[in-house]
Amino acid sequence: MNQTVIILDFGAQYAEVIARKVRECNVYCEVLSWRTPLETIIAKKPIGIILSGGPNSVYATDAPTISKQIFDLNIPVLGICYGMQLMMQLLGGKVIPAQDNLSREYGKTITNFRNQCLLFKGLPAKSVTWMSHGDVVEAIPNSFKVSAYTSRCPYAGVYDEVRHFYGMQFHPEVEHTKHGKEMIRKFLLDICHATGDWSMKDFLVTTVERLKMEIGEERVLLALSGGVDSTVAAVVLSKAIKERLICIYINHGLMRKNETEEIKERYKQLNLNVHYVDASKEFLKALAGVEEPEQKRRIIGNMFIESFVGKAKEFGGVSYLAQGTIYPDVIESGSINGNLIKSHHNVGGLPSKMPFKRIIEPLAILFKDEVRKLGLELGLHEDFVYRQPFPGPGLAVRIIGAITEEKIAIVQEADAILREVIKKRHWNMKISQHFAVLSNMKSVGVMGDSRSYHYTIAIRAVSTSDFMTANYVKLPYSILDEISRRIVNEVRNVNRVVYDITSKPPATIEYE
Ligand code: XMP
């Protein structure tokens, strides 16, 4: 049965996070802009509608809004933060700016719940929620009752059980709200009566169908990096349009030891239509002497575009460009809140250089663990699907300072040893990402009877579920010991190994 929940996005920071939580409850959902015409929403026959948060004030001129008729469709509605305030205003309540600092709430807030309301039934009467609002609901419409309150906010939760309208001033979708996911699940299963049996298989079927419709008989270009994201995107696309998907793999010379050969073999087995470009010499030349991380990233991004466009010109009449962008790339590149952390080279750039009709990003709403599930669904090998991520700019962001062929060889060898030991000791599935970094630091050592003055290798091993935050892994000393001994013995020009014990934040996972 096709059961869809619509999330109307009012510019929320967390709209896709809501979508993810809904999918985790095995319910299909789509995020649509608040501007979507009511007829389009009705045509999707949603079993529930979620109104997201947003940065505006509902009473401001030009504030995002929706047709009031949405409340006449006999479809359950859940309003979150701005979404709740909008629902209150449209149905006859009143929203005002918080009068004083006391009625504004930001952060973790103890909230009291009335569990007569289905959303909170069976949950503790008091728990922590995440609040982030400068406006408050001053009066609720007559048909509504209060379902939650805090010491500062009398209307932290409201509901109209006859019409199945629910509002939460707090954000149930974020981890800081203790029972948030259960509340969302109750809305979906107990109020919208979702069956909760949607799976990645269904995502695959609907995505392939959608891609077929959107692309028609046209051809699509895709840049393969060898990683999980672009490979999964390619396999999904090739299911939809077969050999009309043209893949280009650019070797920038900054891959791990033996990686390009392994990648070529994998693509052969997946029957992908791949064209290879060896641009390693050009990349190294462009990077010579460059130390500043963002400049390195920019150069690699630009060189990548240049090589890609150069190769792509050989294929006339290609309408679309596809990318394996996933949701965290979109967030960290500042596309949502304008706050750049690192410029991920797989977002943006290419389209302005080529006359593509559009970019296709089949995985843009998925988080990493969801992409992995999809990969397994596509029959990709487990070893590959759980392969740790590797950044687009490759070893360039793992060599501090200027890049040389010698430094690439050093970090490749050290990294290969690290990975071999971790795998042999069965720690690779316990770690989300582990790699060696070549610091730009040389220090004095003693080897045999002579003084050495060589590089330091840093070992990084982190565990994380979403790569937005991460903890360093507490590797046993015996493993660190084996890694350190082997690296200093087997890798030339390295005489010191250190273990990085910093989490993200404040550090990032990669060094540059
Ligand atoms: P950071 O260093 O930002 O990394 O904590 C988070 C995750 O993203 C990967 N990463 C990249 N992936 N292109 C990518 O495809 C990039 O430019 C890039 N930079 C970082 C990183 O390996 C980690 O998994």
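The values are calculated or read from the model by the stated rules, or taken from the named source; none is laboratory data. Nothing here was measured: the structure is a model prediction, and the numbers come from that model. FYI the Cβ positions are ideal-geometry reconstructions off the backbone, even for glycines, and counts take in every protein chain you see. Just the protein is used for accessible areas: all its heavy atoms, side chains included, with ligands, DNA and RNA removed. Shrake-Rupley method; radii C 1.70, N 1.55, O 1.52, S 1.80 Å.
Can you run the Rg to Rh ratio on the range 247-321? Use alpha carbon positions and the Kirkwood inverse-distance Rh. Don't jump to the answer; show the numbers that get you there.
Working: Rg = 13.9 Å, Rh = 13.8 Å.
That ratio equals 1.01.
For the range 398-499, count the residues as N, evaluate 2.2 N^0.38 Å, and divide the Cα radius of gyration by that value, please.
On the way: Rg = 13.9 Å, N = 102, 2.2 N^0.38 = 12.8 Å.
The value comes to 1.09.
Per residue, how much accessible surface does the range 4-191 expose to a 1.4 Å probe? Answer in Å², no decimals.
Details: 7930 Å² over 188 residues.
For the range 4-191, the per-residue accessible area is 42 Å².
Could I get the Rg over Rh figure for the range 211-385? Both from C-alpha atoms, Rh via Kirkwood, rounded to two places. List each step's numbers first, then the result.
Working: Rg = 15.8 Å, Rh = 16.8 Å.
So for the range 211-385, dividing Rg by the Kirkwood Rh gives 0.94.
If you put +1 on each Lys and Arg Cβ and -1 on each Asp and Glu Cβ, how big is the dipole of the chain around its Cα centre, in Debye rounded to 20? Walk me through the intermediate numbers first.
Details: 63 positive and 57 negative charges, 110 e Å.
That gives a dipole near 520 debye.
What is the local net charge at H454, summed over the other residues whose Cβ is closer than 11 Å to its Cβ (Lys, Arg +1; Asp, Glu -1)? Write out the running numbers ahead of the final one.
Values: positive: K442, R451, R492, R496; negative: none.
That works out to +4.
To the nearest 500 deg cm²/dmol, what mean residue ellipticity at 222 nm is calculated for the chain from DSSP H runs of n ≥ 4 alone, each contributing -39,500 (n - 2.57), summed and divided by the residues?
Details: 15 runs with 159 residues, N = 512.
Result for the chain, helices only: -9500 deg cm²/dmol.
Per the Kirkwood definition applied to all pairs of different Cα atoms, how many angstroms is the hydrodynamic radius of the range 139-222?
Working: mean 1/r = 0.0613 Å⁻¹.
Across the range 139-222, the inverse of the average 1/r is 16.3 Å.
Where does the chain land on Rg(C-alpha)/(2.2 N^0.38 Å)? If you can, show how the numbers build up before the last one.
Values: Rg = 25.9 Å, N = 512, 2.2 N^0.38 = 23.5 Å.
Here the answer is 1.10, to two decimals.
What relative contact order, as a whole-number percentage, does the chain give when Cα pairs under 8 Å and 6 or more residues apart are counted? Walk me through the intermediate numbers first.
Working: 983 pairs, mean separation 49.5, N = 512.
Once normalised by length, the contact order is 10 percent.
Spelling out what I want: for every residue of the range 480-496, take phi, set θ = phi - 60°, compute 6.51 cos²θ - 1.76 cosθ + 1.60 (Karplus), and round to whole Hz; glycine and proline get x.
4, 4, 5, 4, 4, 4, 5, 5, 5, 7, 9, 9, 5, 6, 10, 10, 8
Suppose we keep just the DSSP beta bridges with both residues in the range 398-499; what percent of those would be antiparallel, to 5? Walk me through the numbers on the way to the answer.
Working: 14 of 20 bridges.
Rounded to the nearest five, the antiparallel share is 70 percent.
Tell me which residues come under 5 Å, amide H to amide H, from S432 once H is placed; ignore anything under 5 positions away on its chain.
HN-HN under 5 Å from S432: V462, S463, T464.
Taking Rh as the Kirkwood radius, which is the inverse of the mean 1/r over Cα pairs, what is the Rg/Rh value for the range 4-191? Spell out each step's value before the answer.
On the way: Rg = 14.8 Å, Rh = 16.1 Å.
Reported Rg/Rh (Cα atoms, Kirkwood Rh): 0.92.
Take every DSSP beta bridge whose two residues both sit in the chain, then give the antiparallel share in percent to the nearest 5.
Details: 36 of 76 bridges.
Of the beta bridges lying entirely in the chain, close to 45 percent run antiparallel.
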